[in-house]
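S.K.: This is the structure, below, for whatever I ask next.
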Amino acid sequence: MPDHRILVVGDVIDDVIVVPSGPIRPDTDTASDIRSTPGGSAGNTAAWLGQIGAGAEFHGMVASADVARHTAEFERYGVTARLQGHPTLPTGAIVILVAVDSEHGDSRSMLTSRGANDSIDLDVVSVDGFSAVHLTGYSLFSRPDAAPVTALIARARAAGLAVSVDPGSAGFLLDYGVERFLDAIDGATILVPNLEEARVLTGLREPAEAALALAARFGTVAVTLDRSGAIVATGAGQCVSVPAVAASVVDPTGAGDAFTAGFLDGLVSGASLADAATEGTRLAAVAVSAVGARPGA
């Protein structure tokens, strides 16, 4: 049994992942691999934490009719799920169009319906008995008031927990407002953006510069770089580069969530920055090797 527990709060989604066999042809058919799998950035991170044996508990909201189904999905990975059910709103859903290109980089286009996610009551989420709490930007972007999120972060910090945040979406960050977002997550101690999110949050192009700038505010920052691994920085000015683990990329969906699980569990377990990031890149390599954002999807 792990000697620590990690609380994950946020989005749970029904993903429809589409991997076309080639360029999409307008007004006619394009043969594709289409899978329906559970997803959501926070939910994915919880699943990967469970997969590696970390003690994880997940809090989110789905349609009332889907509570049992999604609870069972989390239990597959040993994750305790405490799901709130919404009586009228559907479970969130995303259609993900995947393009895998080893020469020009992998890309995804995501069509998102938040559904019940934004109605979760964060005030009832207890932080007692945990070592860390993980959140994503998706818990903020559609909320008119950031107060429930900032209050949860404040409760966690007052209890001595590390607070990890994955910004979630460069596009949504721009829509929400960078300073507004940074103010809302003030108090977080770990930030895990991808490179585009780090650039949006800092206005800096170079990965190391962006990582160090964010670390000056949040303490520990890991910027994921897709096929180039990750850069980890601290507020003390330490900066470590970790290479990616070689993998045959089938679907990049969930790679960042898997990295976050490995990295966060490593930090909470007392691993060095480099070792924690290395575990993150190992899990990310597993994630990209199959269609779907969760282990064994």
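S.K.: Residues of segment 224-282 being without any contact (Cβ under 8 Å) to a residue 12 or more places away in the chain and part of a helix (DSSP H, G or I), which ones?
M.R.: Asp275
S.K.: I need the full set of residues from segment 111-152 which are among the β-branched types (Val, Ile, Thr) and closer than 17 Å to Val268 by Cα, in order please.
M.R.: Passing the criteria: Val127, Val133.
S.K.: Can you work out which of the residues in segment 191-221 that are assigned to a helix (DSSP H, G or I) and not hydrophobic (A, V, I, L, M, F, W, C) is farthest from Ala46 (Cα to Cα)?
M.R.: Glu209
S.K.: Keeping to segment 38-93, report how many residues are surrounded by fewer than 19 Cβ atoms within 10 Å (Cβ to Cβ), in a helix (DSSP H, G or I) and touching an Asp or Glu at 6+ places or on another chain (Cβ under 9 Å).
M.R.: 0
S.K.: I would also like to ask the following. Going by the structure shown, is Thr37 out of contact with any helix residue (DSSP H, G or I) (no Cβ under 7 Å at 6 or more places or on another chain), at pLDDT below 95 and not charged (D, E, K, R)?
M.R.: Spelling it out, Thr37 is indeed out of contact with any helix residue (DSSP H, G or I) (no Cβ under 7 Å at 6 or more places or on another chain), at pLDDT below 95 and not charged (D, E, K, R).
S.K.: I want to confirm something. Restricting to segment 250-297 and keeping residues that are at pLDDT 95 or above and β-branched (Val, Ile, Thr), which single residue is surrounded by the fewest Cβ atoms within 10 Å (Cβ to Cβ)?
M.R.: That would be Val286.
S.K.: Within segment 172-183, is there a residue that is touching a Gly at 6+ places or on another chain (Cβ under 7 Å), part of a loop (DSSP other than H, G, I, E, B) and under 23 Å from Ser109 (Cβ atoms)?
M.R.: no
S.K.: So Ala188 fits all but one of (1) in contact with a Lys or Arg (Cβ under 9 Å, 6 or more places away or on another chain); (2) part of a helix (DSSP H, G or I); (3) farther than 21 Å from Ser241 by Cβ; (4) not charged (D, E, K, R); what number is the exception?
M.R.: All conditions pass for Ala188, except number (2).
S.K.: I would also like to ask the following. Could you please give the count of residues in segment 138-177 that are under 20 Å from Thr220 (Cβ atoms) and surrounded by fewer than 16 Cβ atoms within 10 Å (Cβ to Cβ)?
M.R.: Number satisfying all stated conditions: 4.
S.K.: Go through (1) loosely packed, with under 11 Cβ neighbours inside 10 Å; (2) modelled with pLDDT of 90 or more for Asp3 and report which single condition fails.
M.R.: (2)
S.K.: Can I ask one more? Restricting to segment 2-19, and then to whatever is touching a strand residue (DSSP E or B) at 6+ places or on another chain (Cβ under 6 Å) and assigned to a loop (DSSP other than H, G, I, E, B), can you tell me which residue is nearest to Gly92 (Cα to Cα)?
M.R.: Val12
S.K.: Evaluate segment 12-30: report whether one residue or more is modelled with pLDDT of 95 or more, under 20 Å from Ala285 (Cβ atoms) and under 20 Å from the mean Cα position of the chain (by Cα).
M.R.: No, segment 12-30 contains no residue that is modelled with pLDDT of 95 or more, under 20 Å from Ala285 (Cβ atoms) and under 20 Å from the mean Cα position of the chain (by Cα).
S.K.: Okay, next question. With the requirement that a residue be among the aliphatic types (A, V, I, L, M) and out of contact with any Phe, Trp or Tyr (no Cβ under 8 Å at 6 or more places or on another chain), what does segment 196-211 give you?
M.R.: Within segment 196-211, Ala198, Val200, Leu204, Ala208, Ala210, Ala211 qualify.
S.K.: Follow-up. Could you tell me which of the residues Gly55, Gly60 is in contact with a Leu (Cβ under 7 Å, 6 or more places away or on another chain) and at negative phi?
M.R.: Gly60
The values are calculated or read from the model by the stated rules, or taken from the named source; none is laboratory data. These numbers come from a predicted model, not from an experiment. Methodologically, a virtual Cβ is constructed for each residue, glycine included, from the backbone with ideal geometry; neighbour enumeration extends over all protein chains shown.
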